[in-house]
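> Below you'll find the structure I mean.
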Amino acid sequence: MKHRIGRVETQIQREVDDILLKDVNDPRVKGVTITGVKLTGDLQHATIFYSILDDAPDKVEAAQTGLDKASGLIRREVGQRIRLFKVPEIEFAQDKSVQYGARIDQLINEVRRNNLE
């Protein structure tokens, strides 16, 4: 069953990325990249993780609002593209791992600079 969930997560990620590129015309979601999908074991709820190039708080908030507004369209499109008994409810969440990695890099660089001085 876990293998099936992984396959469905990958398929949903691919389709949502494509839907955002081709079907959602909201300027707030431009630059949004889908980084992962986490499905519940019963395939009833999908949390879709995204990152955005400009991670300024107002841009992230606008992107979240745009994604929330488009979630009905995205869910409907996913339902048409993927054969599932029931299309999962969709929730979008910002993937903070990119920001976390950038912060770690920044801290490492600061330590290196301080050691060189």
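Values in this text are rule-based calculations from the coordinates and carry no lab data. Nothing here was measured: the structure is a model prediction, and the numbers come from that model. Counting neighbours? That spans all protein chains shown, and the Cβs are built from the backbone with ideal geometry, glycine included.
> For the range 39-58, which residues satisfy the criterion of being surrounded by 14 or more Cβ atoms within 10 Å (Cβ to Cβ) and within 13 Å of the chain's Cα centre (by Cα)?
LEU39, ALA46, THR47, ILE48, PHE49, TYR50, SER51, ILE52 - these are the residues of the range 39-58 that are surrounded by 14 or more Cβ atoms within 10 Å (Cβ to Cβ) and within 13 Å of the chain's Cα centre (by Cα).
> If I ask for residues that are surrounded by 17 or more Cβ atoms within 10 Å (Cβ to Cβ) and under 22 Å from ILE5 (Cα atoms), which ones from the range 25-38 would you list?
ILE34, VAL37
> Could you list, in sequence order, all residues of the range 62-117 that are more than 13 Å from LEU20 (Cβ to Cβ), among the aliphatic types (A, V, I, L, M), part of a helix (DSSP H, G or I) and under 13 Å from the mean Cα position of the chain (by Cα)?
VAL98
> So ILE5 fits all but one of (1) under 12 Å from the mean Cα position of the chain (by Cα); (2) farther than 16 Å from GLU91 by Cβ; (3) β-branched (Val, Ile, Thr); what number is the exception?
Of (1) under 12 Å from the mean Cα position of the chain (by Cα); (2) farther than 16 Å from GLU91 by Cβ; (3) β-branched (Val, Ile, Thr), only one is false for ILE5: (1).
> While we're here: Just to check your reading of the model, which residue among VAL111, VAL78, VAL98 is surrounded by 13 or more Cβ atoms within 10 Å (Cβ to Cβ) and either free of Cβ contacts under 8 Å to residues at least 60 places away in the same chain or out of contact with any Ser or Thr (no Cβ under 7 Å at 6 or more places or on another chain) (or both)?
Result: VAL78 is the single residue among VAL111, VAL78, VAL98 that is surrounded by 13 or more Cβ atoms within 10 Å (Cβ to Cβ) and either free of Cβ contacts under 8 Å to residues at least 60 places away in the same chain or out of contact with any Ser or Thr (no Cβ under 7 Å at 6 or more places or on another chain) (or both).
> Mind checking which residues of the range 23-38 are under 15 Å from VAL78 (Cα atoms), among the hydrophobic types (A, V, I, L, M, F, W, C) and more than 10 Å from the chain's Cα centre (by Cα)?
VAL24 - this is the single residue of the range 23-38 that is under 15 Å from VAL78 (Cα atoms), among the hydrophobic types (A, V, I, L, M, F, W, C) and more than 10 Å from the chain's Cα centre (by Cα).
> Within the set of pairs 6 or more residues apart or between chains, which connect a residue that is touching a residue at least 60 places away in the same chain (Cβ under 8 Å) and closer than 20 Å to LYS96 by Cα inside the range 17-43 to a residue that is of a type in the set (A, V, I, L, M) and surrounded by fewer than 19 Cβ atoms within 10 Å (Cβ to Cβ) with Cβ atoms less than 9 Å apart?
Final answer for the pair search is THR35/VAL98.
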